[in-house]
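Input: a single structure, listed below in structure tokens.
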Amino acid sequence: ISFEFYEELLLAVRLKMQVVSLTKGQQEFQQLQRAYKKHELSRQAAYNAYCDYNTLIGNTDFKGRQEEHSAFLIRAIARMRLDYEKTGSANVAFYLYYLETHHYQELHFYRHARKSLIRLAALIEKSPAIYAAYRLGNVLINQAENDLFLRQFERSVVSCHEARALLVPGSFNDHLCTEVEFYGHFYSGNFDTASLLLKDLLRNDQGKDAA
């Protein structure tokens, strides 16, 4: 259950229900029915959260319509909070905290966004159902960028260092991490380090152009 393979869980419960209906009593069968309904609720909640997340990051339905975008985001967050309370699904929580962060950052509520990002990082670290190194790295980059707006420049640099160990060298997110770290050092007054990072960024851009 910790991996939240709901399709497999539902199939296994259905098969067990077949056996129990032939070999055991009504009480055992009803227990399996309740378990099936619980897994089905979690599966549907995770699917709905996934769809809302992809609708929002795709942004195709809301171009030029910020009010509709904000209204949809608020509704999606409210629904996910209820679904998470009912199911405890890590998948639902993952999308919930991500959308909360996005919403707070749009409103420039960066302290609230930081709280959601901290919850998201802790969730990824402890949940086998959603853990992936790149996901944690992305959250740490988001934390670092969020800290720039909070004027917590040294903390931003620390988050970049933690993120880099989780990222694929040369990837888009690795370059993004370098860019955020550059700003952290620049606004901290560490101009020598910032200059080195800027040269690294320019070198990478030139390499892309040459390719």
query = Of all residues in region 75-128 being among the acidic types (Asp, Glu) and more than 23 Å from PHE153 (Cβ to Cβ), which is surrounded by the most Cβ atoms within 10 Å (Cβ to Cβ)?
reply = ASP83
ask   = Give me the pairs: first residue in region 82-107 and more than 21 Å from TYR131 (Cβ to Cβ), second residue crowded, with 19+ Cβ neighbours inside 10 Å and of a type in the set (Gly, Ala, Ser), beta-carbon distance under 8 Å, and six or more apart or on different chains, which are they?
value = LYS86/ALA45; TYR104/ALA113; TYR104/SER116; GLN105/ALA113
key: First in region 149-160 and of a type in the set (S, T, N, Q), second anywhere and assigned to a helix (DSSP H, G or I) and open to solvent by 30 Å² or more (accessible area, probe 1.4 Å), Cβ under 7 Å, 6 or more apart   = SER156/LEU148
inquiry  = Taking the criterion of being within 21 Å of the chain's Cα centre (by Cα), among the aromatic types (Phe, Trp, Tyr), at pLDDT below 90 and part of a helix (DSSP H, G or I), would at least one residue in region 50-71 satisfy it?
reply    = no
query = Would you say GLY25 is within 27 Å of the chain's Cα centre (by Cα), over 23 Å from TYR131 (Cβ atoms) and open to solvent by less than 60 Å² (accessible area, probe 1.4 Å)?
reply = no
query = If you take the residues of region 1-22 that are under 20 Å from ILE130 (Cα atoms), open to solvent by less than 60 Å² (accessible area, probe 1.4 Å) and in a helix (DSSP H, G or I), which of them is modelled with the lowest pLDDT?
reply = LEU9
ask   = SER195: under 19 Å from the mean Cα position of the chain (by Cα), farther than 22 Å from PHE109 by Cα and either at pLDDT 95 or above or not basic (Lys, Arg) (or both), yes or no?
value = no
query = Does region 139-171 hold any residues that are of a type in the set (S, T, N, Q) and open to solvent by less than 50 Å² (accessible area, probe 1.4 Å), and which are they?
reply = ASN142, GLN143, ASN146, SER156, SER159, SER171
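The values are calculated or read from the model by the stated rules, or taken from the named source; none is laboratory data. Given the structure is predicted, the values throughout are model-derived calculations rather than measurements. Positions of Cβ are generated from backbone atoms using ideal geometry, with glycine treated the same way; all protein chains shown enter the neighbour counts. Heads up: the accessible areas ignore ligands, DNA and RNA and are worked out on the full protein's heavy atoms, side chains in. Shrake-Rupley method; radii C 1.70, N 1.55, O 1.52, S 1.80 Å.
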